1. Among the listed residues 45, 27, identify the single one that is of a type outside the set (S, T, N, Q), within 30 Å of the chain's Cα centre (by Cα) and over 14 Å from residue 259 (Cα atoms).
2. Considering only residues that are of a type outside the set (Ser, Thr, Tyr), crowded, with 22+ Cβ neighbours inside 10 Å and under 17 Å from residue 228 (Cβ atoms), which ones fall in segment 314-333?
3. Does residue 201 satisfy being assigned to a helix (DSSP H, G or I), within 25 Å of residue 276 (Cα to Cα), modelled with pLDDT under 90 and over 26 Å from the mean Cα position of the chain (by Cα)?
4. Which of the residues spanning segment 1-21 are modelled with pLDDT of 70 or more and assigned to a helix (DSSP H, G or I)?
5. Among (1) buried (at least 21 other Cβ atoms within 10 Å of the Cβ); (2) touching a residue at least 60 places away in the same chain (Cβ under 8 Å), which single condition is residue 133 missing?
6. Looking at segment 449-501, which of its residues are among the basic types (Lys, Arg) and either part of a helix (DSSP H, G or I) or farther than 18 Å from residue 21 by Cα (or both)?
7. Can you tell me how many residues within segment 389-432 are more than 30 Å from residue 226 (Cα to Cα), at pLDDT 85 or above and in contact with a Lys or Arg (Cβ under 9 Å, 6 or more places away or on another chain)?
8. Determine the pairs where a residue that is free of Cβ contacts under 8 Å to residues at least 12 places away in the same chain, located within segment 329-347, has a partner that is charged (D, E, K, R) and part of a loop (DSSP other than H, G, I, E, B) with Cβ atoms under 6 Å apart, the partner being 6 or more residues away or on another chain.
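The values are calculated or read from the model by the stated rules, or taken from the named source; none is laboratory data. Note that the structure is a prediction, hence the values are computed from the model and not measured. Cβ: placed from backbone, ideal geometry, glycine included. Neighbour counts: every protein chain shown.
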Amino acid sequence: MPAATLTAGAAWQGRSLRPLLLALATLLMLTLIGLPMLAILLYALFPQINEWSLAAPFSALLPNLMDAQLIGATLNSLSLSLGVTLLSCILALPLAFRRAQMSTRQGRLWDALLLVPFLIPPYIGALSWMQLLQVNGFSEQLLGFNLAGFLYSFPGIVTVMALHLFPMIYFATSKAFAVIGNRYGDVARVFGGSPLQIFARIHLPMVLPTLLSSGLIVFVLTIEEFGTPEILGSRFGFRVIVTAIHEKFSDWPIDLPGASVLSLILILLAFFAYRLHQRLARRFSSAVENQSLAAPARPVSTAQRLIDLLLFGSAVTLAVLLPLLTIGVSALLDTLSGGLSLDNMSLRHLGGLFVRDGAAWAAISTSLTLALLAALGSVAIAILVAFTVVRLRTRGTALLDFLSILPNAIPGMAVAVGLILTWNQPFWPATPYNTPAILLVAYICLTLPYPIRMLTAALKQLPRSLDDAAYISGAGELRVILRILTPLLAPVALAAGFIVFAIASRELVSSLMLAPPGVETVATYVFHQFDQGSINAGMAMSLVTILVSGSIIVLGQRLPGSRQPEGKTQ
């Protein structure tokens, strides 16, 4: 038999497991992501589907869609998202423009400081602002005034959320300004253009696609955020879609069809905004792919340096220093009633977190265990999905690719609702619902896009000749994955695992919705401590959460291949 025939036969045998791998990857993604989304749709359309009945189809849609409270919650969600997006753009735009004019060393310092809001979970940030600005809060104790009236209002929620999210627009837009450089402005200056004219008529239109694209991500993150509207909005009766969904499950009687309709609305709003973001991002990328990111440094006057210091210093103070100082001081106060004094400082609450058999230690242990398992599980699934999508390129991989990015556009509240509707059914012979395993499933579902996109990007850079050489030498599909590709992808996989671990260890929405009785995570512990008035204990756990998750994210980012593709951030 000719050698070429033998070679082709060996390569074909090596690829014989490809249909099985495609089926396994598709089954996993459909189970983790497809079933919860299908359950939401079916419950919204057929309210009695849990009884295996298609009776009264669409009967839950019209009453819920015409409900005045639902309409109000939807309008509140839209107005909140638009307000946060607009304020985030206003805060980020001047900072991004000035960042592009700075030296590399100075700019990196401010970049590092403005990364800190990403390390503070939104619900912890909202709690810190409460502690700072409420009646008898730190501002009143130190300065004699409080801003409770502003904090518990629509402008207050918008401001708190924008201070957390504006760095996302800042980083994207500053990169766009750096791509544009100074050459267009120099030409306009020669022809008599003023700085304001140059900015408004040249620079701003050129960065507008990036501004809109990153603004849409802020819109999505705002519309799906539960913690801040629940913590601040509940104080003055401000309801949004996510808090309305939570009420459907927490208030008796439980309304599964109503929660499904609300979740479907939330999914449609978020998915539309996310898809629009993707189109704008691709258009900007194709427009500037041949441009240079290196802009020549310009001499900066002393007055401009002072203006930059005031501008960036104010942003860092509001977005970083005040929340962190509030959290740290609150964690160190022995009693809240004792006020701000050295005599009232103690490590009691921090030490209490690590007492064996205590509720805090149990919450930490549960979160760390689930986060570790989520990191291992999501990375293992991501390796399989990335290999299937990149190396197979069949018609079946289109569905797989779609499912892999779907959680990016699906709010965490909707994912939690879908998991409840899917797994809280009597026909399952075994179900993870009402066990800690359901939290693991939720964490994997929410974090899968990160390792999948990172590993897919890394795998595309590995030549197919590696696979072909192994097949010709008689290796099977599993050996190629385990012995050749996995070691090469290990740095990226490890970085992705760190990121998944950090996100899962502080996840709030799914933990609140899905945690079985008697099981608490770090996020639910903090949330419940504030509800019970144990603010110092909650802040102590918050401080530990920020330090641990921040350290892990930084470590993950420093590993080789840890650069994340553009997408949604927790």
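1. Details: 45 fails: over 14 Å from residue 259 (Cα atoms).
Only one candidate qualifies: 27.
2. Hits for segment 314-333 are 319, 323, 327.
3. Details: assigned to a helix (DSSP H, G or I): yes; within 25 Å of residue 276 (Cα to Cα): yes; modelled with pLDDT under 90: yes; over 26 Å from the mean Cα position of the chain (by Cα): yes.
Yes: the conditions hold for residue 201.
4. Going through segment 1-21, the residues modelled with pLDDT of 70 or more turn out to be 17-21.
18, 19, 20, 21 - these are the residues of segment 1-21 that are modelled with pLDDT of 70 or more and assigned to a helix (DSSP H, G or I).
5. Failing condition for residue 133: (2).
6. Going through segment 449-501, the residues among the basic types (Lys, Arg) turn out to be 453, 460, 464, 479, 483.
Result: 453, 460, 479, 483.
7. Final tally of qualifying residues: 0.
8. The qualifying pairs are 344/334.
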